[in-house]
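First the structure, in the form of structure tokens, and then the observations on it.
What follows draws every value from the coordinates through simple rules; no lab data is involved. Computed from a predicted structure; not experimentally measured. Note that each Cβ is placed from the backbone with ideal geometry, even for glycine, and that neighbours are counted across all protein chains shown.
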Ligand SMILES: Nc1ncnc2c1ncn2[C@@H]1O[C@H](COP(=O)(O)OP(=O)(O)OP(=O)(O)O)[C@@H](O)[C@H]1O
Ligand code: SF4
Ligand SMILES: [Mg+2]
């Protein structure tokens, strides 16, 4: 964690809908999957913003759109004050260096037929200005060392490494072009718990060393806590609460955040009994046809008539954080 600087990424009202197509040639659009449906946040230089929510709430779609791997439906995202979605030519090339992604599954995201040296050095083929040909092997060895791998293993293949080591390879590759922002899309979810901590520590060390800013995506609030300066909680394509680590973990105001927190394992056994468990009823509704008003209302124990009629705005309600609940109220869930 670090002192937050100026915003490096500013996302305003970002929307990504996918058409639902039917028919023999999928020619008829019958609806839209509202995967990301009006998301706004800032990422400050040197900061980690945790993004948390259940499966299908739009986290990876958000990451893909910010990486310009998918076009947005609407909204803006600025990197260092310039609109990402309008970038072309050399400006877009620079963006592609400056924002990198680390994916969840190091097994499928690394090409099994390439050596580690080629995998980590591949970005230099596209951006030779970062490392001229003669310097690449040296640079790859340095990167292996930076992520805690043996530089002598430069000619090995991905299957010769463990899961945690493979994720280190993925991180080295993401670092190759000296990025400023790394979007981590569940980088430790596929790893054993003991290995998760090591990879999280590595990401924390790299952040300090290189002044990186992270958008750190996870299912679970416990994973992002130690690394995050602020946390955004997503539900069905929307941010429902966003605040500092302290605000979100010690005095959450949105019922969904409170429910997610109540599912976080409590490390201290003497405190386990004091934790209030909030069990959410029912499944997450379809993003094709989300509930009217507050999208969380079909699972919310506090829902009133107004919740079906009026969509709660994400705004400061009580405490310092932004919360999208008509009845936002601070509540300490975990002792
Ligand atoms: N290319 C696509 N075409 C159609 N629908 C899509 C596409 N990509 C994602 N979706 C849908 O958008 C919604 C959000 O998916 P997304 O993968 O962003 O969720 P997620 O929060 O990353 O979930 P998980 O935690 O399981 O990774 C889901 O309903 C998903 O089925
Ligand atoms: S607005 Fe209503 S339904 Fe939505 S979280 Fe608040 S109380 Fe629950
Ligand atoms: Mg995902």
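Within segment 49-61, being over 8 Å from the mean Cα position of the chain (by Cα) and either near ligand 3 (Cβ under 10 Å from one of its atoms) or within 15 Å of residue 188 (Cα to Cα) (or both) holds for 53, 55, 56, 57, 58, 61.
Return yes or no: is residue 138 farther than 29 Å from residue 241 by Cβ and within 16 Å of ligand 1 (Cβ to nearest atom)? Let's see the steps before the verdict.
Details: farther than 29 Å from residue 241 by Cβ: yes; within 16 Å of ligand 1 (Cβ to nearest atom): no.
No; evaluated as a whole, the condition is false for this residue.
Scanning for something over 26 Å from residue 204 (Cβ atoms), in contact with a strand residue (DSSP E or B) (Cβ under 6 Å, 6 or more places away or on another chain) and either away from ligand 2 (no atom under 16 Å from the Cβ) or outside any helix (DSSP H, G or I) (or both), does segment 38-51 turn up at least one residue? Yes. For residue 244, state whether it is closer than 15 Å to residue 331 by Cβ and under 22 Å from the mean Cα position of the chain (by Cα). No; evaluated as a whole, the condition is false for this residue.
Out of segment 97-151, which residues are touching a strand residue (DSSP E or B) at 6+ places or on another chain (Cβ under 9 Å) and under 16 Å from residue 170 (Cβ atoms)?
Of the residues in segment 97-151, the ones touching a strand residue (DSSP E or B) at 6+ places or on another chain (Cβ under 9 Å) are 98-104, 109, 123.
Selection gives 99, 100, 101, 102, 103, 104, 109, 123.
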